[in-house]
Each structure stands twice: as C-alpha cells, then as structure tokens.
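The values are calculated or read from the model by the stated rules, or taken from the named source; none is laboratory data. Computed from a predicted structure; not experimentally measured. Cβ atoms come from the backbone with ideal geometry, glycine included; neighbour counts cover every protein chain shown. Please note that ligands, DNA and RNA were not included when accessible areas were found on the heavy atoms of the full protein model with its side chains. Shrake-Rupley method; radii C 1.70, N 1.55, O 1.52, S 1.80 Å.
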There are 2 protein chains.
Amino acid sequence: MSNVYSMIPVPQAQQIVLDHCWTLGSETIPSHEAVGRVLSVSVVAPDSLPPFPASIKDGYAVISSDGIGTYNVVGESRAGSMDSPNPAQGTVVYITTGAPVPLGFDAVVQVEDTEEVPSEKVEEEEGTMTSSDYKQAGRKNRRVRILKAASPGQDIRVVGSDILVGETVLRSGEVIGVAEIGILATVGATHVTVYKQPHVGVMSTGDEVVEPSTSPLGPGQIRDANRSMILAAAAKAGAKVTDLGIARDTEGHIQGCFDRAVSAGVDVLITSGGVSMGDRDLVKPLLERTGTIHFGRVLMKPGKPLTFATLSLPSAAPGEGGDPSSEPQRSMMVFGLPGNPVSSFACFYLTTLPALRKLMGWSNPMLRRVQVKLAQTLKMDPERPEYHRVALQWSKCPFLEGRAEHVGCDWWAVSTGNQISSRLLSARSANALLEVPQASGFLRQGTLVSAILIDDLQAMPDPDGLSLQ
Amino acid sequence: MSNVYSMIPVPQAQQIVLDHCWTLGSETIPSHEAVGRVLSVSVVAPDSLPPFPASIKDGYAVISSDGIGTYNVVGESRAGSMDSPNPAQGTVVYITTGAPVPLGFDAVVQVEDTEEVPSEKVEEEEGTMTSSDYKQAGRKNRRVRILKAASPGQDIRVVGSDILVGETVLRSGEVIGVAEIGILATVGATHVTVYKQPHVGVMSTGDEVVEPSTSPLGPGQIRDANRSMILAAAAKAGAKVTDLGIARDTEGHIQGCFDRAVSAGVDVLITSGGVSMGDRDLVKPLLERTGTIHFGRVLMKPGKPLTFATLSLPSAAPGEGGDPSSEPQRSMMVFGLPGNPVSSFACFYLTTLPALRKLMGWSNPMLRRVQVKLAQTLKMDPERPEYHRVALQWSKCPFLEGRAEHVGCDWWAVSTGNQISSRLLSARSANALLEVPQASGFLRQGTLVSAILIDDLQAMPDPDGLSLQ
C-alpha cells in the first residue's frame, strides 16, 4: 500500500476516466419521458410529411393554366376535411393552410390575391367583398375572382418535402431536447430506445461532517454541503441518484457505505473527503485494498487529491446473495472527490460529469471549452493550473466602457471573488471554470483565456447581481 | 369582432407579455427539490464558517514565536475530534485539514515542512521518517522537528472567513443551481421559500391534427407535434404542466378545453393552431368574446399570427362551483401559437418562455442575446425579420480553415437548413435563433449577427453531427 501517487495533468485524468466508461445498455421508454436522454437507435419516418400535397396559404386551389378571371368555387378543402370535387377548367376550390390540394389542381392563390364575388351580384361584376370578409369565403356555389395568375406548384408543399418516408429524422447518439420531442411526435414515435441512465450513489466522509439540519453546530462540526450539491449535480446531468449518507472516519463505516452502494446497484460512486494525506483519510487505502486506483493526485487547483478507482463486482460485495458465477462481472466507478466543497464542485464538472455523459451515450461527453476575455487581472499559481470560478457575461468592455475603441460586445469572465477551496460562495452563479495556466505572475485584464462551460448561458444575469470585484 | 390586428414588432410583443405577468406568490419547499426555482426570501447564515479557527493543511499547530526546532506533540486536533491540550511554549499539536486550531496556538506548519522524530531516537537526532510516514504522525508522546518557522496566522482560516454569521449568502431573486444547493446545506437551510411554479396547460387545435400514436394516417391527417413539444419546453422551463388534448375546429370543443384549463387551475394556457385567417380559425374569435386580446399579429417569420390574450377568472368559468365573490379575481394568460410546428417553437421561446420565467420570479427573464458570425450566406426577407434556427459552434473559421489570418476561434452560426415553418427538422439541434433583419438582399458569410440563445451551449456537438450545409 502506498499513498504516493504521481501527480497527473487534468487532461490525462479526464482521458483515464473516459477510458474506463462502459456501456450501460438500452431501454425503451415513452417519448414524453425522454428529454435529456440519448437515442441508442435511430428514428426513421414511417410516412412522408406532408403526407399529401398541402396548401401553404389560405386561399383557392386553382388550375394554374386558367389564369386571371372569375371562377366557380366547386368545393372546399380544409385541414381535416375535404370534398372530392371533380377538377375542371374554370373551377377553383376554397382551401385552408395545411389542407390537401385536391387532385387535378396544381397551384394555390392566396386569399389576399382574390376577391369573392357575391352570387347575387355576379352578373353586375361589382360590390365585391373586402378581405375582411374571408370568413364568408368558404361556402360552395360561390364565385371568386382570381386577381393574380399562379405558376404551377405555387404555394403547395409537395409530399415528403418536410420529411420523406424512410428518412432518418434523429440519429443514434443524439440528445433528445425540446424540438426532438416534437419531431418524435411528428413521425409517430411514441416510444424511443435510449441508453440507460447511470445510477449514481453519493456519500460524504468525515467525523466533523454533520447533516445540514444540525443547528447549532457542536464543537468542531461543519455541515455537509457536498452530498446535497453532488446529488443535485448528478440528477441535473440525468443520472438516477441514491443518497448514501455520511460515513464516519472508520474503515468499517466507509466500507458499509460502499456495500450499500453495491446493493443498490450503483454504477458510479462519488465520495467526498478522506483522500488527503491525513492519517484518517481512509478512502484511498480502502480503494487500494478493494479495487484499482487509476490516479490519486491531479495537478489542479482546487482538487489535487482527486482519486479515481474502479471496483470489480459482485466479488466486492460478499453476502449479497445470488450466484456470482451466473452474473456477468460488473464494476463500479468510484470518484474520490476532495472534502473541500469547491474542490468537489470543480472535480465533479471536470471529470465526473463527462463520465456520466459518456455512460448516458453522449458521443462527445466533454464540456465545451471556449475563449473569453478577462474582466480583471488575476494572479497565476506557479505550482498548479487553477480552475477559477467565473460568471461569463456578454457585455461591452467593462473596464473601458464608453471609450470609442470598444464599441462591440464580448464574453467577459467576471471572477466570483476569493477562490479558497473552502469558500463555496465562489461557485455561486458561476457558469464557467476559467483555465488559469500554471505560471508566475499575472494574467492581465482583457487577456483571452480558455474557459470550460459548466452551466447554461441562456439566462441573463440578475441586474443587481455579480459585478466586477 | 374583427380579425384585423395591427402587426407589432417582436420587442413590443415581448414587452406587452411581460407587462401582463403577475406574481404567483411563494411557498416553502425542501431545499433538495429547489433546483431551478427562484428564491423569494434571501437566505442568511445562522453561524460563521468556519465556526472555529480551522487548519488549511495537515500538519502541526504551533506557537509561531517558537520557530524552528524539535517539539513535543502534546495532542491532536482532527476534524470532528479534538484533545484540549494546554498550550505551552515548546509544544505542538498534530492537526488535520479543516480541524480546529486549539486555543493558544497561532499558526500551522504543513507536514511537508516537518519531520517526525521517532521517540526512541530523539536523543540521536537521526533516523528521521520520510513524508510517506504521515500515517504514523498522529500519535501522542511523540516529538517532531519543525523545519520552517511559521508566521502568525499561517495556514489558518479565521472564524467567518468563508461565511460570516448574519451574512446574506443567497439573495431573493436568485435562481437556485447546483452550487446554491451546496450553499443552502452549508448554512443549514433545509427548506427555502421560493416563488411558486406557474401551471401551464397545453392544447392543440385542428380537425386534421391527430394523436402521435395514429398510424397509418387517415386522409388529410397529420400528427400533433406541437403539444408534446410545448409540454416538454414548459416542463423544462420549470412549470407544472397539464395536457389538455386536441380540440376539434368547433367553438364548443375549443371552449371545452378552455374550461378544463380553468378547472385545472392553469395560469398560462398555450394553444396552437386556429389563429390564422381561415374561416375555421376559431381561437381568436373565442378569445375576443371571452377575454382581451393584447396583440393578434406580430412582425416575425415564422409566427406572424401569434396571439396573446388574458381571460378574467372565475367569471369566465360559469358552473365551476364555489362562490366567485369570495375569491380574488384571477386571470389566465393565453398564448395562441400558430399551428405550424416551427412557428409555435419560435413563438414559445420568444414570448412564452420569458413570461414563464417572470412568473417564476426571475428578475431578468429575457433570453440572452449575443453576437455570432454567420457560417454561410443567408437571404433576408424584405417583409419580416426572420428567426433563423442555427446551431452555434465554437470553432475556427469554417470557410477559411487553414488560412493564416484566421487562427482564432469564434462562435459560428450554422444554419439548420430549409426554414419553412412546417419543417420541424429545422429546430433539430438548434441552440439559438438568429435575428435576420428585415431587408432585401443577403447577409454574407462572416457577418456578425445577433442571436438569441434558446438552449444550453455546454454540450459539444456530435462529431458526426451538424456541419455546414
């Protein structure tokens, strides 16, 4: 047993984690429950859309060669109901948007380019109705004046112009969002086959760590922030979550939580605390004995003691019943996050979230990295690259406001303040982790810096909210 | 009754909608259910963090004036358990990260700057242990050599340095995300008071519109994409949702759906279809009779017939029981979205989503508008501004790849293809609506164009996914 792990860079740690992700298999679920899930089977259209030549406008289906003139309205075609008029030169059919163009008609003239001719006044060729009388226009045995000649196919969507029968409308590997739910409904896919959700168990460790409900705190106690936070993050990522509680700093307690994770069928176990160099940091020793540690230190600030291991199951869970030989060997990924809440926050996003996404079937599970401008000067750390929590804001240059050379807007990274790893307020409202390079000296205001997106950029900031420190 | 509504610009429509949003009131819920909700009462810390002077390192609490030398280890302070040693010059206390610094000690020396002196060898001043023997270092009655003098306060977090008792840690109006869940736990807030969720009812209209499960389609039928899609969008936005089904194109059917919305306690009713100029477009006439239409046409492509109304309740729901005079007058917002699925998609994001956010307590409910570069030339529409669906990609210039003058990356807007409003595939994978100005001619590739974010930018695109058309 050894506590001396070589310190590896973050990209290497991320790659090791992704290399240990396996496939969870697929399941078929109702489409309305599928938002956020990833298709494991492509979806193919069983029919064309539109399934019939459809009018793009409210107006009249015409025979285009007829041209301008006054015609008998011999029928009507509405969305959902259609007469079956016999097409004949010199006739038109009233038609509504989306309705089938009757056989034999080859163009639509929008109602704005027509005038209805009241039947009793046809002979007089006067007293035409205004466009506000559209409501009256649908009746049969009326006549209408076509004011503009139509070209063949005008304002008609041909069969299959939106979706062609047999077309793949959604591909295996696509994440299902709002529009995709609509597309599934369009092609009649009431159920979809998607990758299974990973089951994530979350536990905290530490004799000093107590339930959030504890008040007042006893001597030396602090409330457990990590477990609620990581449970929320894993659930938001789309995982099933199980709360495994707080383990005291004894091997027995920690092993007990591990065992409960195994019985619950957890795929990914996330612990926090117990991975540092203290003599009661028992998570690493336990992982060394019961599984394989793939890395135990990472060159990052915060988060240096981040540990990643895999445990083989069910051999790790004796006494759970069943015949182990009859089951395929499965394994559990274990992320040993550091105990400081900001460390566990940053480590989760940098390593655990991509793993959860890969398990859920994402073909590109890494978080997006972009470049942004620094809204204030930051000191770099010569020993470790720092993942500085920032709120990205789209704005004019905040420190040269009003100067003529800065009229455009940019993404600016605004620091959330004091970055000590115990201060979770530094993660409040953060939507990105700025990658501050390992170096001496300062990154100057205005410098272009790489940032990893960890939250939605859709929302506008609270106007009373974060501003430059 | 009139169907002639003046065409208003989108920003005016958005303002009218927001002006009609009211407050839904507050409720107190368990914090672990609060992700995505907005605080209506600020959260104040009941105690300081750390609640005691806490060590930042594993090492030894010392009296800084003692300086370099060999000292008796007179006790230990671990996270969660502490001896109460009497401080005396010439003594030190073993301490772990996060543990309380015992009274009388004023600095911490990290274990890396110490050497333990095995008790049996103290006299010899040799055979010191290496840093891999940390595990042994916690025992009492040992001696340790301090190799670096400490300055007062070194590696100690003072009481309240992360959070001060009485400090507002989260403000009323803040959206609760992952980090905020951790902050709530830290300060012992197991429950939070948040704005209530709006209750959204969603219905479709149209004789041609059938359930997604319908297969094969009958003559003239199309499947209902809008209802599933808008239900998913409203749920994703954090609303409670009720599916009100499909109404046939009769006033009775549509009124029946409206009545069910009222009985269900819906705050926001979203319809699709029935707002155009056809003679069976019955939603507008019904809203005219039973409520107030605030606008009925908007200068946008797609989405021109977008209609917004408010209905006063309970007078609009006779026969629902109860004594109306005893209840405060409430009202229901109605968004009459156009029937074409892309139109309803765009109108939802541009007008309904900001309304839902405002009802949920967001202080800045508008979607974020940024500027991006156009990855391909687009034709503008001289009659209406167009909300062109695009996938924003962070990449090098896609059309000048490799040329020396374009080495940096930018946000590029990649069109989702044919934008006809019936083609919902144009919303697939879209994460922004590009604001293409109303004008003649073309917007050239590379032009900076305004875009409204409608989805998360965190995810990286599928490598096999969208590419330049």
> How much area per residue is accessible in chain A when the probe is 1.4 Å and only protein heavy atoms are counted (Å²)?
Replying inline: 39 Å²
>> For the protein assembly as shown, place one equal point scatterer on every Cα, skip the solvent, and apply the Debye formula. What is log10 of I(q)/I(0) at q = 0.07, 0.08, 0.09, 0.10 Å⁻¹?
In response: -0.67, -0.83, -1.00, -1.17
> Can you put B:163, B:293, B:56 in order of accessible area, largest first, using a 1.4 Å probe?
Replying inline: B:56, B:293, B:163
> Using a Förster distance of 41 Å, how high is the FRET efficiency between residue A:112 and residue B:215, based on the Cβ-Cβ distance and rounded to 0.05?
Replying inline: 0.65
> With labels modelled as points extended 7 Å from the Cα through the Cβ direction, what inter-label distance (nm, one decimal) is found for residue B:440 paired with residue A:444?
Replying inline: 4.8 nm
> Taking each residue of A:274-285 in turn, how many C-beta atoms of other protein chains fall within 10 Å of its C-beta, and what is the average?
Replying inline: 5
> Ignoring ligands, DNA and RNA, how do B:304, B:236 rank by accessible area with a 1.4 Å probe, largest first?
Replying inline: B:236, B:304
>> What does the net charge come to around residue B:226 if you take all other residues with beta carbon closer than 13 Å to its beta carbon, with K and R at +1 and D and E at -1?
In response: -2
>> List, shortest first and in nm to one decimal, how far the label point of residue A:15 (7 Å from Cα along Cα→Cβ) is from its counterparts in the other copies.
In response: 5.5
>> Assume the label is 7 Å from Cα along Cα to beta carbon: what separations in nm does residue A:27 have to the matching positions in the other copies?
In response: 2.7
> When the Karplus curve 6.51 cos²θ - 1.76 cosθ + 1.60 is applied with θ = phi - 60°, which whole-Hz ³J(HN,Hα) does each residue of segment B:33-42 get, with x for Gly and Pro?
Replying inline: 9, 9, 4, x, 8, 10, 5, 9, 9, 5
> What's the local net charge at residue B:433, with K and R +1, D and E -1, over the other residues with C-beta under 12 Å away?
Replying inline: +1
> Placing a label point 7 Å from Cα toward Cβ, how far apart in nm is residue B:81 from its equivalents in the other copies, listed shortest first to one decimal?
Replying inline: 8.2
>> If I model a spin label as a point 7 Å beyond the Cα along the Cα-Cβ vector, how far apart are those points for residue A:19 and residue B:409 in nm?
In response: 2.4 nm
>> What's the total accessible area buried between chains B and A, using a 1.4 Å probe, rounded to the nearest 100 Å²?
In response: 8600 Å²
> Can you give me the relative contact order of chain A as a percent, contacts being Cα pairs under 8 Å and 6 or more apart?
Replying inline: 15 percent
> Taking the alpha-carbon centroid of each part, what is the distance from segment A:1-47 to segment A:252-281 in angstrom?
Replying inline: 22 Å
> residue A:396 to residue A:28: extension gain in nm, 0.36 nm per residue of separation minus the Cα-Cα distance?
Replying inline: 127.7 nm
> Any idea of residue B:253's accessible area? Nearest 10 Å², probe 1.4 Å.
Replying inline: 90 Å²
> Counting only protein chains, not ligands or nucleic acids, how are B:362, B:22, A:412 ordered by accessible area (probe 1.4 Å), most first?
Replying inline: B:22, B:362, A:412
>> Let me check I've understood the local charge: for residue B:355, count other residues with C-beta under 12 angstrom from its C-beta, Lys and Arg +1, Asp and Glu -1. What total comes out?
In response: 0
>> Run lengths n ≥ 4 of DSSP H only: what is the helix-derived mean residue ellipticity at 222 nm for the protein assembly as shown, with -39500 (n - 2.57) per run over all residues, to the nearest 500?
In response: -4000 deg cm²/dmol
> In square angstrom, rounded to the nearest 10, how much accessible surface does residue A:248 have for a 1.4 Å probe?
Replying inline: 80 Å²
> Per the 1.4 Å probe, what fraction of the accessible area of segment B:369-453, in percent, lies on carbon and sulfur atoms?
Replying inline: 50 percent
